[in-house]
Amino acid sequence: MKELMPYLWKLAWVVGLFLLTIISFNIEKHIDSYSTSIQSITPVYCANFLIHLIWGVYLSLILIKKWTFQINKSLFLCVFLPCFLFSVILPVGFLTSINFPIGGVWFIKIVSSGLIEIVAGLTFMLSIFNKKV
């Protein structure tokens, strides 16, 4: 039975991946319709930020080998923190009506991809549970 556990864990992770895909798709559709009804794009940006951050955290689950709390300061400070701060610019800007001096086509391309939030979630988990990354 011990020999089967790694396989079962990975299969359960794949099933969770499918469930997370369905759930995030349904949440995105619900938020889009809600955003259209109140004529505001703020919920869309906030929901996308949270969904992509959760995706990053979920993807990290398969990479963490040992669940001991050990902080990797360089990964936390040099990757997670800049990615997280960069990804919250748009939701915070919409919620508080603050105009940040960052803009341009490159900013729109980066923010619309959602990869920065995914990297933030992934590196957050790896930086607090995996010392050797």
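Structure values in brief
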read-out: Restricting the range 22-48 to residues that are open to solvent by less than 100 Å² (accessible area, probe 1.4 Å), touching a helix residue (DSSP H, G or I) at 6+ places or on another chain (Cβ under 9 Å) and hydroxyl-bearing (Ser, Thr, Tyr), the residue that is nearest to Leu95 (Cα to Cα); value: Thr42
read-out: All positions within the range 40-82 that are among the hydrophobic types (A, V, I, L, M, F, W, C), touching a Phe, Trp or Tyr at 6+ places or on another chain (Cβ under 6 Å) and outside any loop (DSSP other than H, G, I, E, B); value: Phe80
read-out: All positions within the range 49-76 that are within 16 Å of the chain's Cα centre (by Cα), of a type outside the set (A, V, I, L, M) and either farther than 20 Å from Ser24 by Cβ or loosely packed, with under 15 Cβ neighbours inside 10 Å (or both); value: Phe76
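A quick yes/no check of all residues on (1) aliphatic (A, V, I, L, M); (2) at pLDDT 80 or above; (3) open to solvent by 70 Å² or more (accessible area, probe 1.4 Å):
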residue: Cys78; (1), (2), (3): no, yes, yes
residue: Leu81; (1), (2), (3): yes, yes, no
residue: Phe84; (1), (2), (3): no, yes, no
residue: Val119; (1), (2), (3): yes, yes, no
residue: Lys132; (1), (2), (3): no, no, yes
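The values are calculated or read from the model by the stated rules, or taken from the named source; none is laboratory data. Keep in mind it's a predicted model, so treat the numbers as computed, not measured. For neighbour counting, all protein chains shown are included, and Cβ atoms are generated from backbone atoms with ideal geometry for every residue, glycine included. Side chains are part of the model used for accessible areas, which takes the heavy atoms of the whole protein and leaves out ligands, DNA and RNA. Shrake-Rupley method; radii C 1.70, N 1.55, O 1.52, S 1.80 Å.
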